[in-house]
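Student: Before anything else, here's the structure in question.
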Amino acid sequence: MQFLLDKIRTLPQYQGLLKSVQSGKEQAGLGLPRSARLPVLTSLYQDLGRPILFVTDRADHALSLFDELGFWTDSPRYLFGEPNPLFYEQAAWSVTARRERLQTLSALAAYHLPFVEKPARAPIIISSARALMTRTLPRRDFLKACKMVAAGQTLQLETLLRNWAEMGYQRENTVLEPGQFSSRGGILDLWPTAEKLPVRLDFFGDEIETIRRFDPASQRTVEQLDAVLIPPAREFLQRGSGEASLPDSQTADVELSEFHIPLLHSQPASLLDYLPQKTLILVDDLSVVESMVAEVEEQAVKLRQESVEEGTLSPDFPIPYITWPELLDAFNDRAALELGYSSASEFPSPSRRGDRGEGEDLAACFGQDERFAGRLKPFIDHVSALASRNEAVIIVSRQSERLQDLWEETVDRGQKTVNGQPFQGGSRLSAVTL
């Protein structure tokens, strides 16, 4: 849909917004309709070339935005997953959430590791409020734990395997999912959390002879590699890899999990600590995100009290999340912009009160047209009236095939063009041009 993005980028109001962001000028909430937020985000991404973090309220909204974003851009994009357990709940994180979060952290680590090539294209990250609140491994510890393994390198096998275990990788007979490794003689298989496929290290003595990416189903080599980055497999480090032992006040002989992050790593850290300095933070609806954070925190405080009373949680257990004031402070340190409706005094702090910025009228360019509430026949008649006036009409719909059939039946009767323009259908979220 580059055609639509190019149209947006020619708007004087958008150019004013872009100038405001580039200069670091404070900007009020844009008040954009939801349908315009991802297109504007993508346009800003293309023009700025910076990493973007887009924060929304709920996990299902984050997933929906992540899927839809693939329609607007093929840029590297990451969904920063929301752990399924509640704060203070001693339950395991899902494999999916763990993988999504670590893939995001690993991608951002490339901006801070001197021995890793910087990404050619900046990433776009989608996060829910609770995912952003969840404490993670401090950036310094994460970067220190990352290891680059290269062909021709000399390493002792037992030392390498011990390091992987300390980084959270689990030893299995066969590698089937990220975070696992296996050893068979001089062959080591490992699935790094940031990789889509596992890698195989072939040793000749203590020297890595080859590194290959392979298909875990067929075991066939997919690609030869010169080197591979091995990041941590969990958002905490075990004994021997940094802050790793539980305090004396806690039971030491327990199985460590993400529940113990606040105990193992006393310095509070979040995704925001990993972002490059020039990252643009976009907030879906600030007031809604703030309400969600307050709701999550209220639920957490209640669960903490109940757990302490039941004796399942120590009274001095550290807070496992980042509070709203701390999040706002982090927003203040970077370029931040709300796409929704909050006033200038509400985003993100009283220090940013002031007049509306250059992009204040951008929302007016995306005015609401007539609503049809699923009534396709009146909608087609409306489109026919627009086409009869030689007005360009672009429809983005999941019902492109159905719309095409109706158009042919009621408007063009067998023809597949209007004013020389083809009607293009597609799958799922697709562009339809009448």
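The values are calculated or read from the model by the stated rules, or taken from the named source; none is laboratory data. Note that the structure is a prediction, hence the values are computed from the model and not measured. Virtual Cβ from ideal backbone geometry, glycine too; neighbours counted across all protein chains shown. Just the protein is used for accessible areas: all its heavy atoms, side chains included, with ligands, DNA and RNA removed. Shrake-Rupley method; radii C 1.70, N 1.55, O 1.52, S 1.80 Å.
Student: Just give me the residues in segment 51-77 being closer than 26 Å to M133 by Cα and in a helix (DSSP H, G or I), in sequence order.
Tutor: Within segment 51-77, A59, D60, H61, A62, L63, S64, L65, F66, D67, E68, L69, G70 meet the criteria.
Student: Which residue pairs have Cβ atoms closer than 7 Å, lie 6 or more positions apart in sequence or on different chains, and pair a first residue in segment 87-100 that is in contact (Cβ under 8 Å) with a residue 12 or more places away in the chain with a second residue that is open to solvent by 30 Å² or more (accessible area, probe 1.4 Å) and among the β-branched types (V, I, T)?
Tutor: none
Student: Restricting to strands (runs of 3 or more DSSP E) lying wholly in segment 324-434: which have 2 or more residues that are at pLDDT 80 or above and out of contact with any His (no Cβ under 6 Å at 6 or more places or on another chain)?
Tutor: 335-338
Student: Note down all Cβ pairs under 6 Å where the first residue falls in segment 312-329 and is more than 22 Å from L264 (Cβ to Cβ), the second is not in a loop (DSSP other than H, G, I, E, B), and they're at least six residues apart or on different chains.
Tutor: Final answer for the pair search is W324/V293.
Student: In segment 23-50, what residues are touching a Phe, Trp or Tyr at 6+ places or on another chain (Cβ under 8 Å) and either in a loop (DSSP other than H, G, I, E, B) or surrounded by fewer than 16 Cβ atoms within 10 Å (Cβ to Cβ) (or both)?
Tutor: A28, G29, G31, L32, P33, S35
Student: Still on this structure, I have one more. From the set of residues in segment 291-317 that are assigned to a helix (DSSP H, G or I) and acidic (D, E), which is surrounded by the fewest Cβ atoms within 10 Å (Cβ to Cβ)?
Tutor: E310
Student: Filter segment 72-102 down to the residues that are open to solvent by 40 Å² or more (accessible area, probe 1.4 Å) and either of a type in the set (V, I, T) or touching a strand residue (DSSP E or B) at 6+ places or on another chain (Cβ under 8 Å) (or both) and list them by number.
Tutor: Residues satisfying the conditions are P76, R77, Y78, E82, V95, T96, E100.
Student: Only one of (1) closer than 30 Å to E290 by Cα; (2) in a loop (DSSP other than H, G, I, E, B) is not met by F142, so which one is it?
Tutor: (2)
Student: With the requirement that a residue be among the acidic types (D, E) and buried (at least 20 other Cβ atoms within 10 Å of the Cβ), what does segment 265-289 give you?
Tutor: Within segment 265-289, D284, D285 qualify.
Conditions (1) open to solvent by less than 60 Å² (accessible area, probe 1.4 Å); (2) touching a His at 6+ places or on another chain (Cβ under 9 Å); (3) in a loop (DSSP other than H, G, I, E, B), marked per residue:
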| position | (1), (2), (3) |
| --- | --- |
| R162 | no, no, no |
| G168 | yes, no, yes |
| V175 | yes, no, yes |
| L188 | yes, no, no |
| T193 | yes, no, yes |
| R200 | yes, no, no |
| Q238 | no, no, yes |
